[in-house]
Amino acid sequence: MTKFTDLNLDKKVLKAIEEAGYETPTPIQAGAIPPALEGRDVLGIAQTGTGKTASFTLPMITMLARGRARARMPRSLVLCPTRELAAQVAENFDTYAKNVKLTKALLIGGVSFKEQDTLIDKGVDVLIATPGRLLDHFERGKLILSDVKVMVVDEADRMLDMGFIPDIERIFGLTPFTRQTLFFSATMAPEIERITNTFLSNPARIEVARQATASETIEQAVVMFKGSRREKADSEKRALLRALIDGEGEACTNAIIFCNRKMDVDVVAKSLKKYGYDAAAIHGDLDQSQRTRTLDDFRNGKLRLLVASDVAARGLDVPAVSHVFNFDVPSHAEDYVHRIGRTGRAGRSGKAMMICNPRDEKYFDAVEKLIQKEIPRIENPLGTPAAEARDDTPREDKPKRSRSRSRKKDDAPAQEQAAAPQEAAKPVAPAAEPQAEKPRRDRGDRGDRGNRGGKGGRGGDDRQIVGMGDDAPAFIRLSFAERRAG
Ligand code: AMP
């Protein structure tokens, strides 16, 4: 088996690796470090969790240990698709270069240009950047890329998803033809293949086992969920998420909850908070300081539930996540593997639970096809909303307000009131449930359903009023009841 000491790394780098507690190089490291140190281009087909970051940072530090940067002319460049990933790569440099004198700058959106300019002016050995911000600096004439000796493109497939490929091509064109390129992608889409054929010169190609099969240590489950009605489906889905979280009890020490859309990330996080859960959102539209704070809190165990979009969570290294909840089935099957790969890391056990709407079944099929495994179906712990919601079923567990009012985009927590009675089904109550979100009527657990028509509620009258569905306001029901009595 290859040892780090076999890899020709600088002694000071080896010392830092030892201090980080790494014993042996991962396959991508064993494969990529030697050709990188020989000055060859490298094409690494590997995803997050494989140790790919160290596979380019370790040789870079070794190579950059000699020589010095000139003002505004960085000697190396690392391009990352997201700010978080860029920040994470910067942290890796800090860890592995702690015994070497190297300067670095992080060029990401949401941080003032002035601070970044000052660093670049002094001269940096390593420039870590998102493509847009790098080009902004270049266009302002603050940056000269003609001294770049090593250029890294990390997570190229995500760059493609995010529409950064034209920027990447432009940046390639701004760096010297003689540069060394280390290029990493989890997959080789045709467009990625084209880029590598154009800009890499006879690369050493290292492919590590694609994680199409999720780690065996991850227990997977899916709830096939159908809302009772269209307008209620969203809040019922959020109630189901809470029930799934609660069902895990204390075993769920922390979790990432993935949503496909940024808007849902916000709504789900807000709703969870409203119900007393320790949750926060992270997605691309939040300002950088907020994103950093949220991530730090999550990493340090101060935050239990991180609600995230794929892009924001991509490449995040959070070592110990007990659970992943897929609020939606990801539309790219590979994202499923990335998402659930956040748990069950390094041999730890983990659990990944997913909610699948009927409209997402085609994505779900693609996921099962990719992982070549059937994901165990589990029952909706709240029962099947569709079964209880036929219009001819008298209901007494409705909020009193009329639902004919139009729904506001941001009133998600208020919408939850309709689902709030389901809270009673939770095995574990949230620490502090806000007063406003208390169940309006005690529907009890699902076993109570049979009693619904029998007692309590609107003066004992649980009949439907023609034309009003089951939402007749209390005062109308009262007048009927009075008339009947009279
Ligand atoms: P990455 O794929 O770069 O996101 O790395 C995933 C995780 O593996 C990070 O937490 C690294 O600190 C860790 N790691 C990288 N290389 C090694 C190694 N050789 N041994 C143990 N852990 C490693």
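With a Förster radius of 30 Å applied to the C-beta separation of E191 and K369, the computed FRET efficiency comes to 0.85. What is the sum of charges, Lys and Arg at +1 and Asp and Glu at -1, for the other residues whose Cβ falls under 14 Å from the Cβ of I120? Taking every other residue near I120 into account, the sum is +2.
Can you check what the Kirkwood hydrodynamic radius comes to for region 83-232, Cα pairs only, in Å to one decimal?
In region 83-232 this quantity evaluates to 18.1 Å.
Note on region 218-385: with charges restricted to the Cβ of Lys and Arg (+1) and Asp and Glu (-1), its dipole about the Cα centre is near 220 debye.
Counted residue by residue at 0.36 nm each, then reduced by the alpha carbon distance between them, the extension gain from D6 to S146 reaches 47.1 nm.
Look at the Cα gyration tensor of region 218-385: its axes a ≥ b ≥ c give a/c under 1.5, and that counts as rounded. Sorting the segments 84-90, 222-228, 3-9 by their residues' average number of neighbouring beta-carbon atoms within 10 angstrom, most packed first, yields 84-90, 222-228, 3-9.
For R261 and T217, a Förster radius of 25 Å and the Cβ-Cβ distance give a FRET efficiency of 0.25, rounded to the nearest 0.05. Return the subset of K114/K302; K149/K262; K122/K149; K142/K262; K52/K273; K232/K270 for which the Cα-Cα distance in this structure is over 26 Å, preserving the input order. Correct reply: K114/K302; K149/K262; K142/K262; K52/K273. For the peptides 123-136, 60-73, 369-382, the ranking by packing is 123-136, 60-73, 369-382, with the highest mean count of neighbouring Cβ atoms within 10 Å listed first. Rounded to 0.05, the FRET efficiency of the T118 and T384 pair, given R0 = 45 Å and the Cβ-Cβ distance, is 0.15. The label-point distance for R377 and N300, in a model that sets each label 7 Å from Cα toward Cβ, rounds to 4.5 nm.
Note on R359 and S289: their simple-model spin labels are 3.8 nm apart, each label 7 Å out from Cα toward Cβ. For region 4-207, the Cβ-based charge dipole about the Cα centre amounts to some 860 debye (Lys, Arg positive; Asp, Glu negative; other atoms uncharged).
Where Rh is the Kirkwood radius over the Cα pairs of region 247-294, the temperature 37 °C and the viscosity 0.692 mPa s, what D in µm²/s does Stokes-Einstein return? Rounded to a whole number, D works out at 279 µm²/s. Rounded to the nearest 20, the size of the Cβ-charge dipole of region 239-303 about its Cα centre is 160 debye, with Lys and Arg at +1 and Asp and Glu at -1.
A short reminder: the numbers here are calculations on the coordinates, not readings from a lab. All of these numbers come straight from a predicted model, not from anything done at the bench. A quick note on method: Cβ atoms are made from the backbone with ideal geometry, for glycine too, and the neighbour counts reach across all protein chains shown.
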